[in-house]
1. Are there any GluC sites (Glu not before Pro) in segment 11-67 that are in a DSSP loop and have at most 10 other Cβ atoms within 10 Å? List them by number.
2. Taking R0 as 45 Å, what FRET efficiency do you get between Ala223 and Thr3 from their Cβ-Cβ distance, rounded to the nearest 0.05?
3. Per residue of segment 257-272, in order, report the coupling 6.51 cos²θ - 1.76 cosθ + 1.60 (Karplus, θ = phi - 60°) as ³J(HN,Hα) in whole Hz, putting x for Gly and Pro.
4. Taking R0 as 51 Å, what FRET efficiency do you get between Gln356 and Tyr27 from their Cβ-Cβ distance, rounded to the nearest 0.05?
5. Taking R0 as 35 Å, what's the FRET efficiency between Arg55 and Ala395 from their Cβ-Cβ distance, rounded to 0.05?
6. Report, to one decimal in Å, the Kirkwood hydrodynamic radius for segment 135-215 based on all distinct Cα pairs.
7. Report ³J(HN,Hα) in whole Hz for each residue of segment 368-377, in order, from the Karplus equation J = 6.51 cos²θ - 1.76 cosθ + 1.60 where θ = phi - 60°; Gly and Pro get x.
8. Report, in cubic angstrom per residue, the convex hull volume of the C-alpha atoms of segment 57-134.
Amino acid sequence: MATISDYIGKSATDNVNKAIDAAEKSYEYHAGLSLTRERALERAAKVDSGEITGRLAGVPFVAKDNFLAFGAPTTAASKFLEHFNAPLQATAIEKLEAEGAICIGKTNLDAFAHGGSTENSAFGPTLNAADKTRVAGGSSGGSAVATALGAVPFAIGTDTGGSIRQPASFNGVVGVKPTYGTVSRYGVVAMASSTDTIGCFASNASDAELVMDIMAGIDENDATTLPDFFAPTDVKASQKIGVIKEFMTTDVDADVRARTNDYIEKLKAAGHTIEEVSLPILKYALAMYYIIVPAEISSNLARYDGIRYGARAESGSLSELYGKSRDQCFMAENKRRIMIGSYVLSSGYFDAFYLQAQKARTLMINEFNELFETYDVLIGPVSPTPAFKLGENTADPVKMYLADIMTVPASLAGLPAISVPGGATSDGLPVGVQLIGQRRSDAQLLALAKSLEGAN
Ligand code: GLN
């Protein structure tokens, strides 16, 4: 894999050409949807002439294709936006560019980020970097695979319910989902506004820390952004770490548990205290998530009507135009979520589903907060299994949703959570370990991960 330091101080033009070549070679994995070659080379020339400088001067990266960016269409992997050229760039991309980073391409995802395998992309699935017969994970599968293949030293993505952590885990890279509000969502295609977060993939925690430090901060275009609290830091000695009992049952793949336990042993050896903890409400987390998130999706996706954005179906009347455009352009999973969301918000069902789920969400936040009075960090796997086979879960949406069981809690509670490589299964499939912290402890989580990198 590549690191940021491999690219610093080198010719930016060479860096960009090298990254584009590597991205093209990885076409067989279908990690990318487009290249921004012309714009990238223009920016590289400016770095080489000294006109553009910064902490990431000349460092190439890729962005999930739900970030508005110049130089290529922003499709969100949906037919709706197949030819949509963004009139502005996402704040996250602007901030990276202000430090000299160069976006070389856009990566594949589940359409509108709805999914956990990248199989819901309108343009075909991404293949796992370690085993091409398996899924990349999702929804930011393309960004994870591009990083794992070493085409770029880092990639950016979105995590609404696990979409950075789970593909990071499936491909053996570091994945950061920050505290809700850390990075501006401005210029990113909205999925579920109360849990959407912007984060990154990198080959190591120090690189992820630098990228997060650059992207974090308040933005007048996103009222939920927090004043910049992210400051790279050293690890706090002898932390109290709670192992989430509900995530370590025998229902979880044995290799996944074994690799998580290996990481726990490393934490012990580094002087941290480990205890088992319980969050009884976690058994309701998936139910909460698959009510609240579709509700927000049904609202956010209402703007794709064939009039204002993207594709428009041929039709005789206005209502037919709406219906046909949506029917032709949304994937089955998009439609399923819009229907579930509209149902749980409809009068008569609102109280029983949506309101109830929001109340349960508050109870879950309280359970987390109680634990954080005693524990610095919570630990568990990222996913109950390593990367599954392509097609294995596509016929059964509930089976696909169940794979999100360990990532949705931190999303609903707005907590920072990172996926760190924990080794591999006996078949050589990467396994990620998840570290969850209290709000705004993002830099501490990364410091902990950094302190263990290279430890045996
Ligand atoms: N797999 C989860 C879902 O399908 C997470 C998606 C995401 O974080 N964008 O909703």
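1. Working: sites: Glu24, Glu28, Glu38, Glu42, Glu51; in loops: Glu51.
Within segment 11-67, the qualifying GluC sites (Glu not before Pro) (loop, at most 10 other Cβ atoms within 10 Å) are Glu51.
2. Values: r = 35 Å, r/R0 = 0.79.
The computed FRET efficiency comes out at 0.80.
3. Karplus-based 3J(HN,Hα) across segment 257-272 equals 5, 4, 5, 5, 5, 4, 5, 4, 4, 5, 5, 4, 4, 7, x, 8 Hz.
4. Working: r = 46 Å, r/R0 = 0.91.
Efficiency for this residue pair is about 0.65.
5. Numbers: r = 46 Å, r/R0 = 1.32.
It comes out at approximately 0.15.
6. Details: mean 1/r = 0.0820 Å⁻¹.
Result for segment 135-215, one decimal place: 12.2 Å.
7. 4, 4, 4, 5, 6, 6, 9, 10, 7, 9
8. On the way: hull volume 7.6 nm³, N = 78.
Here the figure is 97 Å³ per residue.
The values are calculated or read from the model by the stated rules, or taken from the named source; none is laboratory data. All values reported here derive from a predicted model rather than from experimental measurement. In this analysis, Cβ positions are derived from the backbone assuming ideal geometry, glycine residues included, and neighbour counts consider all displayed protein chains. Accessible surface is based on the protein model in full, side chains and every heavy atom, while ligands, DNA and RNA are left aside. Shrake-Rupley method; radii C 1.70, N 1.55, O 1.52, S 1.80 Å.
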